[in-house]
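Here the structure comes first, spelled out in structure tokens, and everything after it is commentary.
The values are calculated or read from the model by the stated rules, or taken from the named source; none is laboratory data. Just so you know, these numbers come straight off a predicted model, no measurement behind them. Cβ atoms come from the backbone with ideal geometry, glycine included; neighbour counts cover every protein chain shown.
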Amino acid sequence: MMEHGKLPEDINPEWLSVIRRLQSVAKSSGLSVISIAILVDPDGKPVSWTAPDKILLEPKSISGALLALALQGENALK
């Protein structure tokens, strides 16, 4: 079992199916938000998950500005 607050060095193989499922719905014609709920066992391994929920953001004309703002915020956290 992983210690609380300690990040794994890499993605555990048990998580690859979850990641592949998210990746399968990720492409869109603009920006979107994808969310799922994941049931994990006491060791932090995924057992089951919900179908991904994908929300497209509008208007598409501001997609570039939103993406730049998100990336700017991400860099500010480092």
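For segment 39-78, which residues satisfy the criterion of being surrounded by 13 or more Cβ atoms within 10 Å (Cβ to Cβ), β-branched (Val, Ile, Thr) and within 24 Å of Ile11 (Cβ to Cβ)?
Val40, the sole residue that qualifies.
With respect to the numbered conditions (1) outside any loop (DSSP other than H, G, I, E, B); (2) in contact with a Lys or Arg (Cβ under 9 Å, 6 or more places away or on another chain); (3) surrounded by 10 or more Cβ atoms within 10 Å (Cβ to Cβ), which one is the sole condition not fulfilled by Val18?
The number of the failed condition is (2).
Looking at segment 1-15 only, could you name the residues that are at pLDDT 90 or above and surrounded by fewer than 10 Cβ atoms within 10 Å (Cβ to Cβ)?
The one that is at pLDDT 90 or above and surrounded by fewer than 10 Cβ atoms within 10 Å (Cβ to Cβ): Pro13.
Can you tell me how many residues in segment 21-69 are of a type in the set (A, V, I, L, M) and part of a strand (DSSP E or B)? Before the answer, list the steps.
Taking segment 21-69 and keeping what is of a type in the set (A, V, I, L, M), we get 22, 25-26, 31, 33-34, 36-40, 47, 51, 55-57, 62, 65-69.
Now narrow it down to the ones that are part of a strand (DSSP E or B): 33-34, 38-40, 47, 55-56.
Number satisfying all stated conditions: 8.
Name the residues in segment 19-64 that are small (Gly, Ala, Ser) and modelled with pLDDT under 80, would you? I'd like the intermediate steps shown before the answer.
We begin by selecting, within segment 19-64, every residue small (Gly, Ala, Ser); these are 24, 26, 28-30, 32, 35, 37, 44, 48, 51, 61, 63-64.
Hits for segment 19-64 are Ser61, Ser63, Gly64.
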